[in-house]
Amino acid sequence: MQVTMELFIVVAALTLIVQAGILVLLFFQLRKTTESVNKMLSDLHSRLGPILTRTQIMLDETQPRIAALVEDASQIVYLTRTQAQKFDKIATEASDRLRGQLVHIDRILTGTLEAVEDAGASVRRSFWGPVQKASALVQGIKIGLDVLRSRRSSPASSPRETTVEQEDELFI
């Protein structure tokens, strides 16, 4: 049993030595990796540092300009809204006035057309009535003269046929 115990101790010692060796190798490898990562980070920092600095400077310089632009845009929107409200008020007033003027013009035209219609009717009654009566009188006289002439010139034809022929001629 002692031999097994010694063998066990030797195997345990070897195992500890191998584990210690592995840990030492892991330590050195970790150190190399850490140095590599540190080098990459310092490279990255040296490259990004100026870019970030320039960006910060540019933002610091443009911030007041951006604030002024936003303020100007706000004022423009306010003035535009005010002008739009004024224009709406003016357009509404103008359309109301125009509507009133159109109603007034409509009333005037309606009155004028009624007066012209009344004058036309009055002219028809006062002028065309006597003209038609005079025309009828002249026509009657003409027919009477034609009848008298036709009796003298041809006693064979009937007065009824002559009258019909004359009326047909007058109709055309």
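Annotations for the structure displayed:
- Out of Ser74, Ser46, one residue alone is within 60 Å of the chain's Cα centre (by Cα) and loosely packed, with under 10 Cβ neighbours inside 10 Å. It is Ser46.
- Pick from the stretch 121-162, criterion surrounded by 10 or more Cβ atoms within 10 Å (Cβ to Cβ) and basic (Lys, Arg), ranking: modelled with the highest pLDDT: Lys142
- So Asp118, is it of a type in the set (D, E, K, R), part of a helix (DSSP H, G or I), at pLDDT 80 or above and at negative phi: yes
The values are calculated or read from the model by the stated rules, or taken from the named source; none is laboratory data. Model, not experiment: these values are computed from the prediction. Ideal geometry is used to build each Cβ from the backbone, glycine not excepted, and the neighbour counts take in all protein chains shown.
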